[in-house]
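Here is the structure we will look at, set down as structure tokens.
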Amino acid sequence: MTNSLFNNAELPSFSTLEIADIEPAISQLIERNKAAIEALLAANDRYTADNLLKPIEELDDELSRVFSPVSHLNSVRNSDELREAYNACLPLLSAYGTWMGQHQALYQGYLQIAESEEFSDLEPGRQKAVENALRDFRLAGVALADEQKQRYGELKKRLSELGSKFGENVLDATNAWSKQVSEEQLAGLPESALASARQAAQQAGKEGYLITLEFPSYYPVLTYCDNAELREEVYLANSTRASEQGPHAGQWDNSAVMSEILDLRLELARLLGFTNYAELSLATKMAETPAQVLEFLEQLAARSYDQARKEWDALSTFARENYGVQELQAWDGPYYSEKLRQQRYQISQEDIRPYLPADRVLPGLFEVVNRLYGVNVEEVTDFDSYHRDVKLFNVLRDGAVIARFYLDLYARPKKQGGAWMDDCRVRRQRDDALQLPVAYLNCNFTPPVGDKPALLTHDELTTLFHEFGHGLHHMLTQQTVAAISGINGVAWDAVELPSQFLENWCWEPEALAFISGHYETGKPLPGEMLDNMLAARNFNSAMQMVRQLEFALFDFQLHLNWDGGDARDVQKILNEVREKVCVVPTPAYNRFQHGFSHIFAGGYAAGYYSYKWAEVLSADAYSRFEEEGIFNAETGADFQREVLAVGGAREAMEAFVAFRGREPDIAPLLRHSGIAA
């Protein structure tokens, strides 16, 4: 096959990728795969792992390796041409997935293997992959009548297109808004934020300072800017992105996209025999019933709400007594929270920033991982990149490379917001060699300004550790079957365990001693500053807890109770949730849901609760390190063996119990969050 995307290299060739080749390459591979699968089925009447499972894995892995750089570039270096090519591939890939999932002969082949006497002789990971595949065949509608199968395929195709459209609208709305301001208007902002705004203006060919809706730009305005009118303007622009409200009202409006997504998800669920989409979502998760999820979230809300209300009342009293603010608004919350934090603890994110230069933080992160898991990380300087900010690293054990990862840390135009990990290559045994895992790790931190290195806030530090935790789950797997390697096959509500777990070391003085170091002097965080930071760890933590519960309950109630409607019905469900758990007054124009990409353009539909679910797991898992030593090598080896290495080869609860010796307890999470038991 001659095409810029076809190569067997261990890493993508970004520089040779031709956008014109993308759709033909995907189309060609899909047709080749379908013909090859039909040939495999026709050539055998007694199916085995060798004559069916492994060849199909090879076919799908090549398709994944071809599409991976396309999908990644669409997220980190978006353009109209790339977007068009990417979107042209989505229905092709969706139709291929449906074709496989509903292929009766293929299903019978897997079933024959599962029911054979030789099945018990297969490695456990292969057995689990077959069991998962049989479940997924059923969830893909393999047992449906032909007319229903056709409708299933139409639904999956359209949902794929709508998810992409939702994300595009958010990205376009984010890129469309900016505001040119003077230094006087930005009074209160720390020098680091001013320098970034000045650099943004220069890069855009403008005078003065430029604010955008990229997180490192707008968040300092909400947190530090003395100008309440400007804070409100930025809050309005950010909270109305991709909606019928705000400065670009209706231009990239996700209202109709949301309601169509919800309608089609409900139809899909009912087609497969479920009452609602929440039930369908739980078919592949640890949680077993919607009632169990709601009970879990409502239990956390009951433990947190009163404390959150007291925190908001204390903040309101502080703003009134010290600044004469009679009624605290949503755009005031971060600003006066920072004032109160500094009064109580004499510490701010900006105070910490000089002690967290990226070129000190990264070696510190790698040292933590080395102490826990016995692996080393080395930078690769000669590789095919797609942007000057991107770095490539090898992960080594005993001198041998076992994995690689790309690191793309900084915010920029045309890059999707937030932070995420994605797989580039999955660990699997090929016919000729072991394919090593490769990860993409992406953040949106404030980039270096002038000749200074990038200086991270402590929040950004925890974000980096979080994403690297996902990366370790992908890279330290010991599985050789693609379907259960790394995060593949892991219950979605357990997939956040390794990421949230690694965040804990960002709060440990022993770790911060080598993670931190002043960018000019190299000195670690001063003792008093460290003490104040640790004391402030749980400042307004109950407010943060109920905010996440608001998102999780909204998502789950939306997919549990949706029975048709429009964007007004989405708003109604969100308002009902806010009445129960929200303590911060929300303006009527707020359209948070129109930018909630996690559930409308990502994989978290009826699954956002996973963050809190996995927080319980991670806090409890970390409590064993608290008991045995945070750098106890044996404890680290146990976590690596029982959780990271197993991937999706066994059920998430079994993996947790194997490490912790019992089922999870909610108490460590409440303790870590500073919420009274």
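Answer with yes or no whether Leu558 is touching a helix residue (DSSP H, G or I) at 6+ places or on another chain (Cβ under 6 Å), crowded, with 21+ Cβ neighbours inside 10 Å and under 25 Å from Val584 (Cα atoms).
Spelling it out, Leu558 is indeed touching a helix residue (DSSP H, G or I) at 6+ places or on another chain (Cβ under 6 Å), crowded, with 21+ Cβ neighbours inside 10 Å and under 25 Å from Val584 (Cα atoms).
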*Going by the structure shown, is Glu634 charged (D, E, K, R) and touching a helix residue (DSSP H, G or I) at 6+ places or on another chain (Cβ under 8 Å)?*
yes
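Please verify whether Asn87 is of a type outside the set (Ser, Thr, Tyr), in a helix (DSSP H, G or I), farther than 20 Å from Asp423 by Cα and at pLDDT 95 or above, treating the condition exactly as stated.
Considered against the rule, which asks whether it is of a type outside the set (Ser, Thr, Tyr), in a helix (DSSP H, G or I), farther than 20 Å from Asp423 by Cα and at pLDDT 95 or above, Asn87 comes out as no.
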*Output the residue which, of all residues in region 379-427 that are within 22 Å of Asn444 (Cβ to Cβ) and of a type in the set (Ser, Thr, Tyr), is surrounded by the most Cβ atoms within 10 Å (Cβ to Cβ).*
Tyr406
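Is there a residue being part of a loop (DSSP other than H, G, I, E, B), buried (at least 22 other Cβ atoms within 10 Å of the Cβ) and either out of contact with any Ser or Thr (no Cβ under 6 Å at 6 or more places or on another chain) or not assigned by TED's automatic domain parsing to the domain that holds Tyr410 (or both) anywhere in region 187-199?
yes
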*Is there a residue in region 525-538 that is within 30 Å of Ile630 (Cβ to Cβ), surrounded by 14 or more Cβ atoms within 10 Å (Cβ to Cβ), among the small types (Gly, Ala, Ser) and within 22 Å of the chain's Cα centre (by Cα)?*
no
*Take the residues in region 1-20 that are more than 20 Å from Phe405 (Cβ to Cβ) and modelled with pLDDT of 75 or more, then tell me which one is surrounded by the most Cβ atoms within 10 Å (Cβ to Cβ).*
Ile19
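Yes/no matrix, rows are residues, columns are (1) of a type in the set (A, V, I, L, M, F, W, C); (2) within 28 Å of Pro448 (Cβ to Cβ):
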site	(1), (2)
Asn175	no, yes
Gly205	no, yes
Tyr219	no, yes
Asn227	no, yes
Asp253	no, no
Ile261	yes, no
*Scan region 544-576 for residues that are aliphatic (A, V, I, L, M) and under 12 Å from Tyr608 (Cβ atoms) and report the count.*
4
*Which members of region 220-232 meet the condition of being surrounded by 19 or more Cβ atoms within 10 Å (Cβ to Cβ) and either over 15 Å from Ala195 (Cα atoms) or out of contact with any helix residue (DSSP H, G or I) (no Cβ under 8 Å at 6 or more places or on another chain) (or both)?*
Leu222, Thr223, Leu230, Arg231
*Kindly list, by first and then second residue, each pair from a residue in region 487-510 that is at positive phi to a residue that is crowded, with 22+ Cβ neighbours inside 10 Å and outside any helix (DSSP H, G or I), limited to pairs with Cβ atoms under 6 Å and residues at least 6 apart or on different chains.*
Gly489/Gly648
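Looking at Leu512, is it surrounded by 20 or more Cβ atoms within 10 Å (Cβ to Cβ), under 30 Å from Phe631 (Cβ atoms) and either in the same structural domain as Met421 (by TED's automatic domain parsing) or in contact with a Leu (Cβ under 6 Å, 6 or more places away or on another chain) (or both)?
Values: surrounded by 20 or more Cβ atoms within 10 Å (Cβ to Cβ): yes; under 30 Å from Phe631 (Cβ atoms): yes; either in the same structural domain as Met421 (by TED's automatic domain parsing) or in contact with a Leu (Cβ under 6 Å, 6 or more places away or on another chain) (or both): yes.
Yes: the conditions hold for Leu512.
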*asked:* When you check Ser71 against the structure, is it closer than 30 Å to Arg388 by Cα and part of a helix (DSSP H, G or I), yes or no?
replied: yes
*Considering only region 21-43, state which residues are surrounded by fewer than 14 Cβ atoms within 10 Å (Cβ to Cβ) and either of a type in the set (Asp, Glu) or modelled with pLDDT under 95 (or both).*
Glu31, Glu38
*For residues that are within 28 Å of His458 (Cα to Cα), touching a Gly at 6+ places or on another chain (Cβ under 9 Å) and of a type outside the set (S, T, N, Q), tally how many sit in region 222-263.*
7
_Given the criteria of a type in the set (Val, Ile, Thr) and surrounded by fewer than 23 Cβ atoms within 10 Å (Cβ to Cβ), does Val490 qualify?_
no
*In region 611-623, is there at least one residue being touching an Asp or Glu at 6+ places or on another chain (Cβ under 7 Å) and closer than 30 Å to Tyr336 by Cβ?*
yes
*Name the strands (runs of 3 or more DSSP E) wholly within region 384-474 that hold at least 2 residues that are among the aliphatic types (A, V, I, L, M)?*
391-397, 400-410, 438-445
*Residue within region 612-626 that is over 30 Å from Arg126 (Cβ atoms), surrounded by fewer than 18 Cβ atoms within 10 Å (Cβ to Cβ) and at pLDDT 95 or above present*: yes
*How many residues does region 532-569 contain that are within 21 Å of His594 (Cβ to Cβ) and part of a helix (DSSP H, G or I)?*
18
*Of the residues Pro453, Pro447, which single one is touching a strand residue (DSSP E or B) at 6+ places or on another chain (Cβ under 6 Å), within 20 Å of Gly418 (Cβ to Cβ), surrounded by fewer than 22 Cβ atoms within 10 Å (Cβ to Cβ) and in the same structural domain as Arg430 (by TED's automatic domain parsing)?*
Pro447
*May I ask you to verify whether Arg135 is out of contact with any helix residue (DSSP H, G or I) (no Cβ under 9 Å at 6 or more places or on another chain) and touching a residue at least 12 places away in the same chain (Cβ under 8 Å)?*
yes
_Matching residues, region 413-459, being under 19 Å from Leu194 (Cβ atoms), in contact with a Pro (Cβ under 8 Å, 6 or more places away or on another chain) and of a type in the set (Val, Ile, Thr)_ = Thr446
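The values are calculated or read from the model by the stated rules, or taken from the named source; none is laboratory data. What you are looking at is a predicted structure, and each value in this text was computed from that prediction instead of being measured. Note: ideal-geometry Cβ built from the backbone for every residue, glycine included; neighbour counts use all protein chains shown.
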